[in-house]
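All remarks here apply to the structure that follows.
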Amino acid sequence: MTAPRFPDLPTEPPTFEIVGTETRDGVLIRDIRLAPPPGGDAAGPIEAYLVEPEVLDARTSRPALLFAHWFDSEAPNGNRTEYLDEATDWARRHRAAAILPQLTFPWAGDPSGSAGDAERIVAEVTRLRRCLDLVLARPAVDAARLAVVGHDFGAMHASLLATVDRRPAAYVLVAAVPRWGDWFLPFWPIAEDRIDYLRAMRPLDPIEHVGATTSVRDDSGVIKPAVEGGRGGRVAPARFLFQLGRHDFYIAPMTGREFARAAGDAAELKAYDAEHDMTLPEIVADRTAFLERELRAD
């Protein structure tokens, strides 16, 4: 089992172009395009929303958030708009800076095999890291008050930040499964042997990245780092909230429990009378309360 290599990134935040703006009750929503990570990226520039208060007192520190959306090709919010209302609320009530990138895998191409899928997951996580670089560089943002919210595939990609990046202090993972094969093998025609695929993808499986250590055992029994590059190390400072739907057709309760249990004492697990879209008001209320506590949002 070979540990995936994540690229080293520049220390300066990415440049971006503003292609549109909208204001909502004192909140400025910018539609932006970030420069892709260095070294080339087949997905091109990163489309994102950058959400902040229109007027900002740079003398007062504030939190920052990254929101990673779900995958549903038929849902109107199966894209970066999913969390736009929540991000706007955070900017209005807590002066937060929020970034909401458009994800690309598997939105822009189907899973096809472990080699290509692993490469695209590494690229997606690298794009999320550049989004963190940008939002942390916004005026008055406190780097210790950074959180990530992800739903479905967005949560799975975002969970890898816990070991690859380690800057976020809190994660909310909504309706996510612990392994890429849990989604890709049942729903896409992958010709690769199932066991070979699962073995090859294991170093990138979200469940390998939410626990207290970042190592996995290879085929010969040797313990090795789960990832190479990035920041590596332990996840201990981060806190996790897992949110699951009791009526989710795709995720069995035991699957969600397994994922949350891997995060140990740093995790909370909450289940709701919801389906995979997870749209109930109490779901939003619970994650807002969790994030307000963890980010010390007044």
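Data table
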{"item": "Any chance PRO13 is within 18 Å of the chain's Cα centre (by Cα), modelled with pLDDT under 95 and part of a loop (DSSP other than H, G, I, E, B)", "result": "no"}
{"item": "Residue in segment 119-141 that is open to solvent by 10 Å² or more (accessible area, probe 1.4 Å), free of Cβ contacts under 8 Å to residues at least 40 places away in the same chain and not aliphatic (A, V, I, L, M) present", "result": "yes"}
{"item": "Scope segment 25-63; condition touching a Lys or Arg at 6+ places or on another chain (Cβ under 7 Å), in a strand (DSSP E or B) and closer than 23 Å to THR11 by Cβ; matching residues", "result": "LEU34, ILE46, ALA48, LEU50, GLU52, ARG62, PRO63"}
{"item": "Total residues in segment 106-118, condition surrounded by fewer than 22 Cβ atoms within 10 Å (Cβ to Cβ) and assigned to a loop (DSSP other than H, G, I, E, B)", "result": "7"}
{"item": "Yes/no for LEU66 being closer than 16 Å to ARG138 by Cβ, out of contact with any Asp or Glu (no Cβ under 9 Å at 6 or more places or on another chain) and not hydroxyl-bearing (Ser, Thr, Tyr)", "result": "yes"}
{"item": "Test for ARG80: is it open to solvent by 10 Å² or more (accessible area, probe 1.4 Å), over 22 Å from TYR197 (Cα atoms), in contact (Cβ under 8 Å) with a residue 24 or more places away in the chain and in contact with a Gly (Cβ under 8 Å, 6 or more places away or on another chain)", "result": "no"}
{"item": "Helices (runs of 4 or more DSSP H) lying entirely in segment 182-298 (those with 1 or more residues that are open to solvent by less than 20 Å² (accessible area, probe 1.4 Å) and modelled with pLDDT under 95)", "result": "253-262"}
{"item": "Residues located in segment 72-105, provided they are among the basic types (Lys, Arg) and part of a loop (DSSP other than H, G, I, E, B)", "result": "ARG80, ARG95"}
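The values are calculated or read from the model by the stated rules, or taken from the named source; none is laboratory data. Since the structure is predicted, the reported quantities are computational estimates derived from the model, not experimental observations. Cβ: placed from backbone, ideal geometry, glycine included. Neighbour counts: every protein chain shown. Quick note on the areas: whole protein, heavy atoms, side chains included, nothing else; ligands and nucleic acids left out. Shrake-Rupley method; radii C 1.70, N 1.55, O 1.52, S 1.80 Å.
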